[in-house]
1. For the range 140-275, just run the numbers: alpha carbon Rg, then divide by 2.2 N^0.38 Å, N being how many residues it has.
2. What angle do you read, to the nearest 10 degrees and between 0 and 90, between the alpha-carbon axis of helix 2-26 and the longest principal axis of the chain?
3. Per residue, how large is the accessible surface of the chain? Use a 1.4 angstrom probe and give square angstrom.
4. Tell me whether the range 74-161 comes out rounded, prolate or oblate; compute the Cα gyration tensor, take square roots of the eigenvalues as a ≥ b ≥ c, and use a/c under 1.5 as the rounded threshold.
5. Are there GluC sites (Glu not before Pro) in the range 128-187 that DSSP puts in a loop and that have at most 13 other Cβ atoms within 10 Å, and which ones?
6. Quick one: grab the alpha carbon gyration tensor of the chain, order the square roots of its eigenvalues as a ≥ b ≥ c, and give me rounded if a/c is under 1.5, else prolate or oblate depending on whether a/b is larger than b/c.
7. Points 7 angstrom from Cα along the Cβ direction at GLN447 and GLU181: gap in nanometres?
8. Please give, to one decimal in nm, the separation of the simple spin-label points placed at TRP330 and ILE497, each 7 Å out from Cα toward the Cβ.
Amino acid sequence: MVAPMAVFSAVESSRGKRAALSIALVAAVVGLPLWWKTTETYRATLPYSEISQLGRLQLQLTVPIEVVFFKGTLTAEQQRRIPASNTNEKETVLNAHTGFTSHYEFKYRRTSIEEDEVLSLQSLQEADEALQQFNKGTQGSLSLFIVPETTHLFPQGVDVYIGKHRRSLVKLTVDPSLSTEEIRNTLYHKVERIIHTMSITEEAVTASLSDRISSGRFNKDDFESSRRAFKSSPGYEITFTLLNPDPKSHDLNWNISSASDHYIQPFLDKLQLVANFSVDSQARLGSSAASLYPVLNFLLYVPEYFHSPLYIQDKDGRRVPSNAFHSPRWGGIMVYNVNYGKVDELEFPVHVDIDMVSVMEVFLTQLRLLLGISKVYVPANYQLENPGNEGLTDWELDKLLWTRTVENIGTVTTTLTSLAQLLDQIGNIVINDNVASEVYHAVSSVQIALSELEAGRLENAFKASKEGITSSEKAFFDPSLLHLLYFPDDQKFAIYIPLFLPMAVPILLSLMKIAKEYKTSKKEATKTD
């Protein structure tokens with residue numbers, strides 16, 4: 001009777017061991033990997049190597065410059081010896097991971113028969129407009145026309161004329177005895193200041209990369225200009241507000257709609273490549289909070305009767321001629337003093353027709369500064385053409401596109417680098433396919449922008465940089481990136497241990513018992529032998 005019971009007990013013990021081992025095996029091979037897979041954070045792949053390369057930003061800026069010689073500026077022999085093209089380069093290192101190289105690609109040619117006839121016109125303005133009909137130029141390019149000193153086009157004391165387009169007329173007659181190298185050096189010395197006036201400069205590029213370098217590398221004026229201007233954005237909202245704190249004394253009439261259409265809209269139309277603009281002339285409190293884009297505020301303040309006239313003074317105590325000031329990255333304010341005439345004949349409220357011409361001139365000047373279009377200072381022998389009703393010349397637009405393109409590229413590379421570091425350090429942030437798609441598109445757009453800049457195609461480079469900054473910001477501020485930010489692995493285990501522990505303890509105890517019995521049986525077998 002004892003023997004059958006012993007056999008039964010041995011069978012049950014063996015069956016229990018097999019069951020424990022089977023459960024442990026299933027839990028280890030199937031359960032644990034399945035749990036780990038179903039609870040892991042989804043992370044789409046990102047182009048970390050490309051982002052790392054963009055972190056070491058080396059810009060190649062190519063400015064195409066066409067130099068055109070009018071008849072009488074070069075001898076026939078000099079014309080034959082002048083090369084078709086040459087390049088001047090200057091490399092600038094800002095820090096260990098940021099730098100740029102400026103390439104000035106010069107192409108030389110003689111004027112055509114039609115272009116030679118321009119010298120017979122009566123003024124520089126007419127000559128510039130006539131030359132514009134032959135060649136309008138591309139974004140970022142310059143045309144320098146070398147005019148003989150015997151011409152009657154230039155007023156007394158003027159040697160350089162910079163027009164509304166991408167063209168400059170330079171009065172210069174080359175010495176017939178000069179060699180080819182001397183001609184190039186003389187010419188470059190003459191036009192270097194013109195190029196820096198009409199195109200991108202080292203200081204402007206440095207200021208545009210302010211997010212990547214220390215403030216000590218900045219020129220003071222360019223640094224102040226970069227801090228004054230609004231950051232690059234796909235759109236801007238412009239708000240004009242009339243503030244009348246004394247309606248009992250003033251009956252104000254300002255035709256802001258007509259003035260905006262006449263003075264501001266042509267300027268904004270010229271900038272349609274840069275960004276989208278919307279104009280609002282209604283006073284709205286807190287408009288900036290409700291707008292998707294940065295708001296440029298322009299406030300016309302008419303002081304109360306008992307506080308009139310009210311004048312703004314500069315730091316030296318002198319009256320500001322415009323009686324206005326601007327606040328960096330906010331907008332501009334102008335104080336409009338009412339001329340009350342004879343006090344004895346006053347009848348309140350006084351009807352006031354605001355002089356919109358003077359007001360719009362001030363606001364347009366402030367708007368240019370806030371968008372990063374700084375005033376240009378040139379030597380006394382330079383003549384700058386007035387931009388006219390558009391308020392912006394073609395070459396000023398190109399300078400803005402240069403700085404915005406460089407700024408966009410710098411911002412995108414900084415954003416992508418910060419995002420990659422964040423996602424690499426915190427493994428619990430979800431990276432969904434939309435975020436990955438935006439990151440890939442941002443990287444591709446920046447690479448295209450860099451190659452277009454190197455090729456001298458400014459418009460294409462700017463468009464690609466705009467796409468890059470839009471995609472990078474969409475990726476960086478995607479709400480899904482915060483979904484599991486505060487759910488690290490230790491919290492995951494804290495949640496699941498109470499569930500798995502009751503099941504794991506019996507299995508572990510069974511495995512420990514089996515291991516112990518196995519060791520005991522092995523020792524007994526050794527003794528028997």
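The values are calculated or read from the model by the stated rules, or taken from the named source; none is laboratory data. Everything quoted here is computed from the prediction, not taken from an experiment. All Cβ positions, glycine included, derive from the backbone under ideal geometry; neighbour counts span all protein chains shown. Please note that ligands, DNA and RNA were not included when accessible areas were found on the heavy atoms of the full protein model with its side chains. Shrake-Rupley method; radii C 1.70, N 1.55, O 1.52, S 1.80 Å.
1. Working: Rg = 22.8 Å, N = 136, 2.2 N^0.38 = 14.2 Å.
So the Cα radius of gyration is 1.60 times the expected 2.2 N^0.38 Å.
2. Between the helix axis and the principal axis of the chain, the angle is about 0 degrees.
3. Values: 28670 Å² over 529 residues.
Counting only protein heavy atoms, the per-residue value for the chain is 54 Å².
4. Note, shape of the range 74-161 comes out prolate.
5. Details: sites: GLU129, GLU149, GLU181, GLU182; in loops: GLU149.
Those satisfying the criteria are GLU149.
6. Since a/c reaches 1.5 but b/c is at least a/b, the shape of the chain is classed as oblate.
7. Each label point is offset 7 Å from its Cα along the Cβ direction, giving 4.2 nm.
8. Label-label distance for TRP330 and ILE497, simple model: 5.4 nm.
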